[in-house]
Amino acid sequence: MKKTVKVSMLSLAIASLLGIAGANAQSTKGFTIKGELNGLKAGDKVMLIYSADQRKMDTIAQVVKNNRFELKGQVKNGAEFYSLRVENKRIRYNAFLDNSSMILKGDADDLSKVSLSGSPSHDDYLKFTALMAPTTAKIRALNKEYRDASTAKNEELVKSISRQFDELEGQQAVLTADFIRKNPQSYYSPYLIFNGDIEPSVTQPVYHSLSKEVKASTYGIKVKERLADLSRVAVGIKAPDFSALTPEGKTLSLNEVLKKGKYTLIDFWASWCGPCRQENPNLVAAYAKFHEKGLNVLGVSFDKADGAAAWKKAIADDQLNWYQISDLKYWESPMVKLYAVRGIPHSVLVDNNGIIVAKDLRGKALHDKLEELLK
């Protein structure tokens with residue numbers, strides 16, 4: 001749901017700055033972190049938590065003496081994000097670890113300022129974070145301005161700030177692509193590709209340029225899998241059918257809706273999704289303008305099992321007078337995998353033959369595309 005680098009900007013930037021990847025060898029013996037944190041006392045626990053599952057503690061170490069401890073573990077494929085924390089301390093330190101010998105120093109009361117050396121992958125993470133810091137700070141400041149303008153219902157200022165967001169995101173896309181080009185041997189490169197917005201046609205060459213080792217890394221594998229998922233719902237491909245229950249409890253499928261109009265916009269959303277609710281007035285306006293010309297909308301909600309009432313209330317409150325379905329399975333819905341949905345709002349526009357003609361249309365872009373198709 002948060003603002004991320006846009007599909008076209010990041011994909012085109014990566015494509016234009018494509019570099020040649022090399023090998024990235026690493027030890028298979030695992031990693032070691034020898035740490036020294038001021039303020040620790042005997043018996044304190046220092047924990048290394050695998051970031052993909054904050055409930056899983058890969059390593060717990062007792063402080064031995066003189067504020068020192070040692071953590072050992074093994075990254076199976078390339079590099080992974082971990083969080084380092086001291087028990088009963090709120091602040092954590094995020095680290096992108098590979099199988100290296102590392103030294104960590106700092107203060108237990110402020111882990112955000114610790115120093116971790118010895119890991120090439122973590123060095124790349126820090127390098128990239130520093131590279132993005134200026135634009136990230138500007139985006140953070142704009143977020144507050146955007147909230148204030150929205151609260152004041154200053155539409156012109158909201159539009160102006162949105163344009164500034166677009167410009168900054170474009171700058172970040174170029175910086176990201178340039179980093180990948182200059183660091184083809186880094187395990188952080190496939191991480192960036194995976195966590196950006198991937199467009200298969202331009203990302204495939206980037207993936208194929210990676211070395212065998214990087215492709216075999218956790219994020220190299222994830223990029224490959226996501227590209228395969230996206231290729232099944234790319235523009236020009238027939239949209240896979242699916243069905244779920246309407247608010248009234250009746251089963252409704254995509255294919256049934258396709259027969260009722262010239263174009264159908266599949267709108268993935270949820271009652272709990274702020275950006276979705278913010279976009280709904282634009283969608284209501286588009287539906288009012290183009291429904292009589294052949295537009296239908298199929299809302300697909302990713303609400304939770306206990307969210308049926310909230311889902312129905314949001315439909316009524318936002319005046320979403322079009323087809324609505326949900327299996328109330330949240331992110332476990334099969335439709336998440338089927339349509340390679342990574343965040344919402346997400347939309348897919350299909351014609352009455354079920355062919356995908358556009359994706360992720362919002363704001364003015366949605367109106368412009370519908371104007372083009374439904375003249």
Considering only the chain, percent of DSSP beta bridges that pair antiparallel, nearest 5:
70
Where does each of 138-146, 180-188 land if you order them by average Cβ count within 10 Å, highest first?
180-188, 138-146
Please compute the net charge surrounding ASP178, taking Lys and Arg as +1 and Asp and Glu as -1 over other residues with Cβ under 14 Å from its Cβ.
+2
I'd like the orientation of helix 308-317 relative to the chain: the angle between its Cα long axis and the longest Cα principal axis, in ° from 0 to 90, rounded to 10.
60
What is the diffusion coefficient of segment 243-373 in µm²/s, taking the Kirkwood radius over Cα pairs and the Stokes-Einstein relation at 20 °C with a viscosity of 1.002 mPa s?
147
Convex hull volume per residue for segment 176-275, taking Cα atoms only, in Å³:
158
Residues other than LYS293 with Cβ under 15 Å of its Cβ, Lys/Arg counted +1 and Asp/Glu -1, net out at 0
Exposure proxy check on GLU292, GLU225: fewest-to-most Cβ neighbours within 10 Å is GLU292, GLU225
Point-charge dipole on Cβ atoms (K/R +1, D/E -1) for the chain, about Cα centre, debye to 20:
560
Computed E for ASP110/LYS375 - FRET, C-beta separation, R0 41 angstrom, nearest 0.05
0.10
Assuming 0.36 nm per residue, please report the length gained on full extension of the stretch ALA152 to TRP331 beyond their Cα-Cα distance.
61.1 nm
For segment 266-299 versus segment 77-98, the gap between their alpha-carbon centres in whole angstrom
40
Relative contact order for segment 243-373 using alpha-carbon pairs under 8 Å, separation at least 6, rounded to a whole percent?
33
State the antiparallel share, in %, of DSSP beta bridges confined to segment 243-373, rounding to the nearest 5.
55
With Cβ to Cβ distances under 9 Å as the rule, what net charge do the other residues near GLN62 carry (K, R +1; D, E -1)?
0
On a 0 to 90 degree scale, rounded to 10, what angle separates helix 7-16 from the longest Cα axis of the chain?
60
Do the sum for the chain: with -39,500 (n - 2.57) for every DSSP H run of n ≥ 4, divided by all residues, what is the mean residue ellipticity at 222 nm, to the nearest 500 deg cm²/dmol?
-13000 deg cm²/dmol
Apply the Debye scattering formula to segment 325-365, with a single equal point scatterer on each alpha-carbon and no solvent, then give log10 I(q)/I(0) at q = 0.20, 0.24, 0.25, 0.35 Å⁻¹.
-0.75, -0.95, -0.99, -1.17
Can you list the residues of segment 99-131 with backbone N under 17 Å from a point 7 Å past the Cα of SER83, pointing along Cα to Cβ?
109-114
Full-extension gain in nm, LYS41 to VAL284, via 0.36 nm per residue minus C-alpha separation
81.5 nm
For LYS364, LYS359, what ranking results if the residue with the fewest other Cβ atoms within 10 Å of its Cβ goes first?
LYS364, LYS359
Give me the distance in nm between label points sitting 7 Å out from Cα along the Cα-to-Cβ direction at SER162 and HIS291, one decimal.
2.2
The chain: angle of helix 155-182 to the longest principal axis, Cα-based, in degrees nearest 10:
50
With 10 angstrom as the radius, rank LYS212, LYS222 by how many other C-beta atoms surround their C-beta, starting from the fewest.
LYS212, LYS222
Difference of contour (0.36 nm per residue) and Cα-Cα distance, GLN62 to ASN195
44.4 nm
Tell me, rounded to the nearest percent, the portion of alpha carbon pairs in the chain spaced more than 33 Å apart.
42
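No value in this document is a laboratory result; all are computed from the given coordinates. All figures in this text were calculated on a predicted structure; none of them were measured in a lab. Reconstructed Cβ throughout: ideal geometry from the backbone, glycine too, with neighbour counts over all protein chains shown.
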